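Visitor: Pasting in a structure now, in structure tokens, and then I'll have a few things to ask.
The values are calculated or read from the model by the stated rules, or taken from the named source; none is laboratory data. Predicted model only: the values in this text are computed from it and were never measured. Note that each Cβ is placed from the backbone with ideal geometry, even for glycine, and that neighbours are counted across all protein chains shown.
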Amino acid sequence: MLKSLAGPGEAFPVNEVEVMIQRKQSVYLLLSSLALGAVLFFGADVVFGVFPGYVHGVFGVGALAGLLGVVSIFMYGNRRRQHTLAFLAQIFTLILMALFAVAMYIGGAPDVSVSSSGADTTHRMITMVLLVCAYAFFWLARRAIRSDIELLRSANRIR
């Protein structure tokens, strides 16, 4: 299989280590993009009630962050660009988290506690937990990409 990808003068152009290390950050990037997609589903009522004029902007930031996460999965050939896209997605997730926090504050969510009940409170809590999970998965993906870059750099030094 690897021999068919060989270029001129190369027996195996794709290092087996490179193929194996891609899986970890791909899972993290996919999980973060799925979490952002769920945020757009669960957080709709929070944003519609508070920011009726800015709904498209808020959903655009969320969709852009999720799209950057999915696109960066396929950028495994250029790890620097993959790292940059994951970083941008992490920044957009942070912006989205701030927008949802402001929307929850303006919408009257400061009194929300663990003991309070209701569908609105549940959606707000799920939204914030998913945003924190998406941010954490982007951070884990960036960390895995950075360790892959260092691993390949050390492998190139040995050669």
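Visitor: Looking at segment 52-71, which of its residues are over 13 Å from Leu30 (Cβ atoms) and either in contact (Cβ under 8 Å) with a residue 40 or more places away in the chain or not in a helix (DSSP H, G or I) (or both)? First the steps, then the outcome.
Guide: The initial filter retains those residues of segment 52-71 that are over 13 Å from Leu30 (Cβ atoms), namely 52-65.
The answer is Pro52, Gly53, Tyr54, Val58, Ala65.
Visitor: For segment 100-133, which residues satisfy the criterion of being among the hydrophobic types (A, V, I, L, M, F, W, C) and either assigned to a loop (DSSP other than H, G, I, E, B) or modelled with pLDDT of 85 or more (or both)?
Guide: Filtering segment 100-133 for residues among the hydrophobic types (A, V, I, L, M, F, W, C) gives 100-104, 106, 109, 112, 114, 119, 125-126, 128-133.
The answer is Ala109, Val112, Val114, Met128, Val129, Leu130, Leu131, Val132, Cys133.
Visitor: Residue pairs, Cβ under 6 Å, 6 or more apart or interchain, first in segment 72-86 and under 12 Å from Ala141 (Cβ atoms) and among the hydroxyl-bearing types (Ser, Thr, Tyr), second in a helix (DSSP H, G or I) and at pLDDT below 90. List them.
Guide: Partner pairs satisfying both residue conditions: Tyr76/Gln22.
Visitor: Mind listing whichever residues of segment 37-80 are aliphatic (A, V, I, L, M) and either at positive phi or modelled with pLDDT under 85 (or both)? Outline the logic, then answer.
Guide: Going through segment 37-80, the residues aliphatic (A, V, I, L, M) turn out to be 38-40, 44, 46-47, 50, 55, 58, 61, 63-65, 67-68, 70-71, 73, 75.
Matches in segment 37-80: Leu40, Ala44, Val46, Val47, Val50, Val55, Val58.
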